[in-house]
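Below is one structure; the comments refer to it alone.
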Amino acid sequence: MPQLAFDIGFFAELPKLQPPVRKGVLDAWEKFNRLTLDQLFKDQGLKLESLVKAKDKQIRTIRIDQFWRGVVLAPPTGDTFVLLRVMQHDKAIAWAMKQKSSINEVTRAVEIRDAATLDEITPAYERVADHSSKVRLFAKFSDGDLKALGIDDETLRQARSLVDQEQLDVFAPLLPQDQREVLQYLASGCTVEEVWQDIVAPALHASTKPVDTRDYETAIQHTRARIALVTAPEELRDILEKPFAAWRVFLHPSQRKVAYRASYSGPAQVTGGPGTGKTVVALHRVKHLLGYLRDGDRILLTTYTNALVNALRSGLESLVEDPELRERVDISTVDGFAGRVVAEAPGAVTLRPLMSNEEVSRWGRAAKATGFTGSAQFLAQEYRHVVLAQGIGSLAEYEAADRRGRGSRLTAAERPLVWKTVERFTAGLAADGCRTWLQTCVEAAGLLEAKGPPYRHVVVDEAQDLHPAQWRLLRAAVPARPDDLFIAGDPHQRIYDSKVSLKSLGIRVTGRSVKLRKNYRSTQEILRWSTALLIGRPIAQFEDEGRNETLLGYRSALHGDGPAVRGAASEEAELDALVDQVRAWMDAGVGAGEIGVSARFNKTCAKAVAHLKDAGVPAVSLRNASGDSATGEEAAVRVGTMHSFKGLEFRCVAVIGVNDEALPFAKAVTPPDVDPKQHETDMMSERCLLFVACTRARDSLYVSWTGQPSPFLVEAGCGVD
Ligand SMILES: Nc1ncnc2c1ncn2[C@@H]1O[C@H](COP(=O)(O)OP(=O)(O)OP(=O)(O)O)[C@@H](O)[C@H]1O
């Protein structure tokens, strides 16, 4: 029976199609399901026509309505057709004439290329290359290596004519998709082995038969990264109604391989720069695990902030339709989970969580009481990074504690006094009926270790900022069995003071760790600009702190304008300019709810909200916004601190107040004379904070400051003189 499948290119254009055109697509799909092959080709309403002088006879058009046409891949054998695009009549014909389909001999997937344009431009590039003194872009790769990665003869010739990245950018949208990716990763510095492992191998299908490059029926089945087979009208209706949720249907082979691997023999990890789809992969992993859950088993899906919990909840709702299945997943922050475990324990007493600003003053008081003369900051860090990190509960343990990694010196003779101060601090908290969140985690871990783990699987997103005490809690939440922990995170986005090495916690992911490199969120221009903030700075992996993470090969297929940067003479002028920028975005058709404004401090955010509102622009603080689809607030610009922007994304982002007093913020950075190592870590967190805020932007990024720009911008040469 014939069927009509859908290409990713069609989905990309879907938001622009009006409801009657979408209805036409649904009708066409139903017709493919209803008619025989013979009837399809003869149907006068559908007009499944091939085009005279087309580059490829199997690319045809169909009638969607009076003005719109669909471009369809109609292979001569098999009965699966693929809807590639829906466009206005003339555009559809012009586009269809130029395309050519083929089957990649390595990945076995269907690829589409703009053969007419490639044929037209390649000779000119070849001539330029012949007369250029520049080394060819792919000179260091042999034909054999390129072919082994799936590059065919035509693409090889085209690739050999290129001398630099700019030229590849011109060719890229025209090239067959799998081959385009291979060339882009090689050009960005990846080795043949890396490209094979990360890009090609995940797309391979376990088949020992030689590829039949005429068997489109099989090849379409192998193209799940780009072609969706839809089986029920409700499914299609749902897809047509929620056109932005392409991630639900199409996963990159590297994403699918990680998310849907049948089983991992232990903890598994997925890393990758901002916007590479780690959260998407985590959600798909939950879906996969739900399919195998035994009676009574439950899953914990956990992350760092409440805003991310909301995002995970709505993501899971759109991915897993069955509410009974979803009910088997608890979604909460790690701290929220700890609070629940502690509250549910027999004889639990309610304690107030301590705010972080209260903590330092309490340390000051404890130090005064014991006569400790060092700083409160030292004590707070010692407690966090040594005592809580190592789960120390007595003076003897503290005396034996490993302080490697701390840059502040402490003699053996000084340790008892520090410990006495720690005891004073914790006793003070207990007496006042409060406790820190990390203490809650420590207690919760202890309770679970005694009682047994409540979950079968734990899936963690934004893992880079978790503290060892939080990891211990998660470890205790799930038995050490295959598929116990699935961890998604990015060390480049570490913005809290928790440098953890999973290895040191006994969580081993070696051999079960995958890195994603393709950014689906931001334009390449925004990415290049933002990554300059971190380039050349060593960033420790969280798998093993002794090794560094890189952003090699990290790239986006999207293009747009580069970020706009602007220095203002006064804060008032900066806020006025912000209003102008937000208005310009809105005038260009961007909804207020698709705009995010971020600043280092709450007080700057409050001023931005007030200023936008005064100017008649609806704005809401992220602190007050409830969920991501809160009615009424949907049409308001979201304003939040850089910390609260973690994990979120907006079509347009303004990052304001990026001056030398805000980034780095002196109070957040330990002075080098107190602890030089901590100083470096804190500086890196401040830098990452700016990186995180900027990488929330999909289409447009705007960065402004008053007075002197942040040295991070200056050092990175980010458009600042
Ligand atoms: N395979 C895909 N197809 C289409 N869109 C995708 C795909 N994977 C991810 N996306 C989209 O890319 C954006 C970023 O994805 P996601 O939030 O999962 O990335 P992330 O790696 O968790 O980002 P960050 O670390 O910056 O928080 C989202 O809009 C998501 O829907």
Problem - C-alpha center-to-center spacing [the stretch 397-454, the stretch 90-157] in angstrom - result: 61
Problem - Projected area, mean over directions - the stretch 316-370, Cα convex hull, nm² - result: 6.6
Exercise for the section: Pop a pseudo-label 7 angstrom from the Cα along the beta-carbon direction at both Gln197 and Leu505 and give the gap in nm to one decimal. Expected result: 2.4
Practice task
Report, to two decimal places, the Cα Rg of the stretch 1-141 normalised by 2.2 N^0.38 Å (N = number of residues).
Solution key: 1.25
Exercise for the section: Can you tell me the order of 462-472, 518-528 when each peptide is scored by its average per-residue count of other Cβ atoms within 10 angstrom, highest first? Expected result: 462-472, 518-528
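Counting alpha carbon pairs within less than 8 Å and at least 6 residues apart, what relative contact order, in whole percent, applies to the chain? Kindly include the intermediate steps, with their values, before the conclusion.
Values: 1228 pairs, mean separation 80.6, N = 721.
The value is 11 percent.
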Completion exercise
In whole percent, the Cα-Cα distances of the stretch 565-721 spread across 5 Å bins from 0 upward as 2, 10, 19, 22, 20, 13, 8, 4, 2, 1, 0
Fill in the blank from the handout: By Cβ neighbour count within 10 Å, fewest first, Thr107, Thr604 rank Thr604, Thr107
Exercise for the section: Taking 7 Å along the Cα-to-C-beta vector as the label spot, tell me the Phe665-Gln44 distance in nanometres, rounded to one decimal. Expected result: 7.2
Problem - Helical contribution to [θ] at 222 nm, DSSP H n ≥ 4, -39,500 (n - 2.57), averaged over the chain, rounded to 500 - result: -11500 deg cm²/dmol
Handout entry: Sorted peptide list for 638-649, 446-457, criterion being average Cβ within 10 angstrom, highest first
Key = 638-649, 446-457
Practice task
Could you pull out every residue, at least 5 positions away or on a different chain, whose amide H is within less than 5 Å of the one on Thr333? Hs are placed 1.01 Å off N in the peptide plane, and Pro or chain starts have none.
Solution key: Thr303
Handout entry: Simple spin-label estimate for His559 and Leu37 in nanometres, 7 Å along Cα-Cβ
Key = 4.0
Practice task
Rank Val669, Leu701, Thr681 by how far each Cα sits towards the positive end of the charge dipole of the stretch 660-707 (+1 on Lys, Arg Cβ; -1 on Asp, Glu Cβ) and give me just the farthest.
Solution key: Leu701
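Could you list Val582, Val342, Val674 so that the one with the fewest beta carbons within 10 Å of its beta carbon is first and the one with the most is last?
Exposure proxy ranking, most exposed first: Val674, Val342, Val582.
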Practice task
Report Rg(Cα)/(2.2 N^0.38 Å) for the chain, keeping two decimals.
Solution key: 1.04
Fill in the blank from the handout: Once the mean of 1/r over all distinct C-alpha pairs in the stretch 1-54 is inverted, the Kirkwood radius in Å reads 12.6
Completion exercise
Interchain or sequence-distant (5+) residues whose placed amide H lies within less than 5 Å of the amide H of Ser513 are Gln269
Problem - Solution diffusion estimate, µm²/s, Stokes-Einstein, the stretch 365-513, Kirkwood Rh from C-alpha pairs, 25 °C, viscosity 0.890 mPa s - result: 145
Completion exercise
Burial-style ranking of 427-437, 485-495, average other-beta-carbon count within 10 Å with highest first, yields 485-495, 427-437
Completion exercise
In terms of the alpha carbon gyration tensor, root eigenvalues a ≥ b ≥ c, rounded if a/c is under 1.5 and otherwise prolate when a/b exceeds b/c or oblate, the stretch 167-291 is rounded
Exercise for the section: Rounded to the nearest Å, what's the spacing between the alpha carbon centres of the stretch 214-232 and the stretch 338-361? Just the number, please. Expected result: 52
Practice task
For the stretch 233-370, just the Cα atoms, rotate onto the principal axes and tell me the three extents in Å, largest first.
Solution key: 70, 37, 35
Handout entry: Glu572, Glu382 arranged by Cβ crowding within 10 Å, fewest neighbours leading
Key = Glu572, Glu382
Exercise for the section: Could you please tell me the mean projected area of the C-alpha convex hull for the stretch 294-344, averaged over all directions and given in square nanometres to one decimal? Expected result: 3.9
Completion exercise
Note: probe point = Cα of Ser361 + 7 Å toward Cβ; backbone nitrogen < 13 Å; residues of the stretch 653-696 passing the test are none
Exercise for the section: Taking amide H positions as placed in the peptide plane 1.01 Å from N, state which residues far from Val637 in sequence (5 or more) or on other chains have amide H under 5 Å from it. Expected result: Ala619, Val620
Problem - Karplus-derived 3J(HN,Hα), 6.51/-1.76/1.60, for each residue of the stretch 73-78, Hz, glycine and proline x - result: 8, 10, x, x, 10, x
Practice task
Could you work out the per residue convex hull volume over the alpha carbons of the stretch 384-450, in cubic angstrom?
Solution key: 102
Handout entry: Percentage of interatomic Cα-Cα distances in the stretch 340-415 larger than 19 Å
Key = 50
Completion exercise
For the stretch 239-292, the Debye formula with one identical point scatterer on each Cα and no solvent gives log10 I(q)/I(0) at q = 0.28 Å⁻¹ as -1.23
Exercise for the section: Run through all the Cα pairs of the stretch 559-619 and give the fraction in each 10 Å bin from 0, expressed as whole percent. Expected result: 20, 56, 23, 1
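None of the figures in this text is laboratory data; all of them are computed from the coordinates on show. Just so it is clear, the model here is predicted, and its values are computed rather than measured. Ideal geometry is used to build each Cβ from the backbone, glycine not excepted, and the neighbour counts take in all protein chains shown.
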